[in-house]
Amino acid sequence: MSDIHLKITGMTCEHCVRAVTKALEGVPGVEKADVTLEPGEAVVHGKADTTALTAAVKEEGYVAEVQG
């Protein structure tokens with residue numbers, strides 16, 4: 001298992017955090033997603049395609065950027 005770190009832009013409340021978490025956990029290969037409002041980050045546990053992760057977040061109305 002590996003961790004993928006994402007910067008999430010556009011979240012303003014805990015509802016946003018739940019929406020992003022649910023979207024990320026729906027991507028194949030994701031075992032768990034830990035999303036934090038401040039500073040707007042997500043750590044995805046598992047082996048998932050980063051393009052699929054960013055697309056899932058975008059579908060919910062937020063922007064995700066893979067962090068090195």
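The values are calculated or read from the model by the stated rules, or taken from the named source; none is laboratory data. Treat the numbers as computed from the prediction; the structure is a model and nothing was measured. As a convention, Cβ positions derive from the backbone with ideal geometry for all residues, glycine included, and neighbour counts pool all protein chains shown. Protein only, heavy atoms only, side chains kept; ligands, DNA and RNA dropped before computing areas. Shrake-Rupley method; radii C 1.70, N 1.55, O 1.52, S 1.80 Å.
Quick notes on this structure:
- Scanning segment 27-48 for residues that are within 12 Å of residue 3 (Cα to Cα), open to solvent by less than 40 Å² (accessible area, probe 1.4 Å) and in contact (Cβ under 8 Å) with a residue 24 or more places away in the chain yields a count of 6.
- The lone criterion from (1) hydrophobic (A, V, I, L, M, F, W, C); (2) at pLDDT 95 or above; (3) open to solvent by 50 Å² or more (accessible area, probe 1.4 Å) left unmet by residue 56 is number (3).
- Scanning segment 1-49 for residues that are under 15 Å from residue 68 (Cα atoms) and among the aliphatic types (A, V, I, L, M) yields a total of 6.
- From the list 9, 51, the lone residue that is exposed (fewer than 12 other Cβ atoms within 10 Å of the Cβ) and in contact with a Phe, Trp or Tyr (Cβ under 8 Å, 6 or more places away or on another chain) is 9.
- For residue 2, the criteria (1) under 10 Å from the mean Cα position of the chain (by Cα); (2) touching a residue at least 40 places away in the same chain (Cβ under 8 Å) hold in every case but one, which is (1).
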